[in-house]
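Accompanying notes for the structure given below.
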Amino acid sequence: MKDLIILSPGQRLKEIRKMMKLRQDEIAGDRFSKNYISMFENNKRSINAINAAYLANRINEYAKAKGFDINITASYLLKSDIDLAKDKCEKWLREVETNLDISDNDYLLNLYKIIYISTKYGLNNYRAKALYLKGLMSFNSERYQCAMTQLLGALVYYARESDFVYVSDIYEKLGIILYNKGELHQALVYFNLAYEIFINTKAYERCNFEELNYYLALCYCDMGQYSMARKMLELIETRSNRIIELYNRINRALVV
């Protein structure tokens, strides 16, 4: 997959030159020798900012004359492998987060590419975000085992970075997965971890606190701890059908 190949500055120069069917001496002009261009292309000599500007200008002049729809910037010839890897990850991430018409296949393909490139170049923030988004997709599709693996992979990074918004959300999702698997005590552990973060950090203002209270109440109710379940429900201002239904269930259990 060509997207996953990141070329060195010299390789980029060579690729553009060959694509435009130019000789090394044509690119060199009166500033460099053919041998100098060869050293650039084979990474035996680095390209500085002045040389990059000259070479980009030469390429663009030929592109215009030959009818190629390209415009090379000096920065493209100067960027390191890691810089280009970041650019690619940013582009793919922007597509999955802003393109509402993106297909599921393209969505997953972009995430795969981000995970591959970010792992190769040590870009842990992009890897974590891709794993998180992949985990959400698996979670929403009820592929819970996949979701748990992916979300735990993202959690390692976000916990280390103390990014409480992501950490609390992942804890909540893991709790829901375990609840749906019938592992109530384990689910309650994750729900309480998320609850602590909500209460003690700014994540409280940016996350769905009522959703977490509902699942805590549901978990307590299923475990027969009805007073605790009611206490959690009383913190919820919204009175949706599922909240009313859970209230009724708790009241019936308390009467009996």
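The values are calculated or read from the model by the stated rules, or taken from the named source; none is laboratory data. A quick note: this is a predicted structure, and the numbers were derived from the prediction, not measured. Backbone-built Cβ (ideal geometry, glycine too); neighbour counts: all protein chains shown. The protein model used for the area step is the full one, side chains on, heavy atoms only, and it has no ligands, DNA or RNA in it. Shrake-Rupley method; radii C 1.70, N 1.55, O 1.52, S 1.80 Å.
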Computed over the stretch 80-167, the relative contact order (Cα-Cα under 8 Å, seq sep at least six) in percent reads 21
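Accessible area per residue, 1.4 Å probe, Å², for the stretch 1-63: what's the number? Please report the intermediate quantities before stating the final value.
Details: 3500 Å² over 63 residues.
That works out to 55 Å² for each residue.
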Please report the accessible area of Arg127 (heavy atoms, 1.4 Å probe, ligands and nucleic acids excluded) in Å², nearest 10. 80
Using alpha carbon centroids, what distance separates the stretch 33-62 and the stretch 102-144, in Å? 36
Sequence neighbours fewer than 8 away in the same chain don't count; with that in mind, list the lysines whose C-alpha is under 29 Å from Lys181. Lys129, Lys134, Lys173, Lys231
Quick check: at a probe of 1.4 Å, how many percent of the accessible area of the stretch 47-180 sits on carbon and sulfur atoms? 50
Which whole-percent values make up P(r) of the stretch 94-166 when all C-alpha to C-alpha distances are grouped in 10 Å steps starting at zero? 21, 51, 27, 1
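Normalised by the empirical 2.2 N^0.38 Å for globular proteins, what value does the Cα Rg of the stretch 181-256 take?
Normalised Cα radius of gyration, the stretch 181-256: 1.10.
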Have a look at the chain and give its Rg and Dmax from the Cα atoms, expressed in angstrom. 27.1, 95
Under-20-angstrom lysine pairs by C-alpha in the stretch 4-76, whenever the two are 8 or more apart or on separate chains: 12
Principal-axis tilt of helix 124-140 within the chain, Cα atoms, nearest 10 degrees: 50
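Compute, for the chain, the length of the dipole vector about the Cα centre, with Cβ point charges of +1 (Lys, Arg) and -1 (Asp, Glu) only. Units Debye, rounded to 20.
Values: 36 positive and 31 negative charges, 234 e Å.
It works out to roughly 1120 debye.
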